[in-house]
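Here is the structure we will look at.
Since every read-out is calculated from the coordinates, none of them should be taken as a lab result. Owing to the predicted nature of the structure, the values given are computational and were not obtained by experimental measurement. Note that we place each Cβ from the backbone using ideal geometry, even for glycine, and neighbour counts take in every protein chain shown.
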Amino acid sequence: MAITATGTTTTRALSGDMTIEEFRQWIRRFDVNGDGRISRNELRHAIRSIGARFSGWRSNRWIRQADANGDGFIDVEGEIDNLLDYAKSNLGINIVAY
């Protein structure tokens, strides 16, 4: 797994692949209030946890990209997959199907 949790810190290994399911699980960990949705701030915290610079403007852009129903959140059960291609091209995370 390319991103692992140790205690309260989540870090991204610099090498290796991440499966689609590992990416989904990693994003779900940042739903800190347990409402089943990833907010702009939760997404920012997730991306910053791997050492990437991630502004409020970028988190808004990602939310708009992934938010199929237009509610301003990423639903963990239905919209996380919308982040996959965006994460691959903008974060350099190697997400694979296996």
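Arranged from fewest to most other beta-carbon atoms within 10 Å of their beta carbon, TRP62, TRP57 become TRP57, TRP62. Work out the length of the dipole vector of region 14-96 about its Cα centre, built from +1 on the beta-carbon of each Lys and Arg and -1 on the beta-carbon of each Asp and Glu, and round it to the nearest 20 debye. Approximately 540 debye in magnitude. Here the residues LEU91, LEU83, ranked from fewest to most Cβ neighbours within 10 Å of their Cβ, fall in the order LEU91, LEU83. Each Cα pair under 8 Å and six or more residues apart adds its sequence gap; the mean of these over the residue count of region 14-96 is a relative contact order of 36 percent. The fewest-to-most ranking of VAL76, VAL96 by surrounding Cβ atoms within 10 Å reads VAL96, VAL76. Working from label points 7 Å from Cα in the Cα-to-Cβ sense, the LEU84 to ARG48 distance is 2.9 nm. Sequence-ordered 3J(HN,Hα) estimates for region 19-27 from the Karplus curve with 6.51, -1.76 and 1.60 and θ = phi - 60° stand at 6, 4, 5, 5, 4, 4, 4, 4, 4 Hz, glycine and proline given as x.
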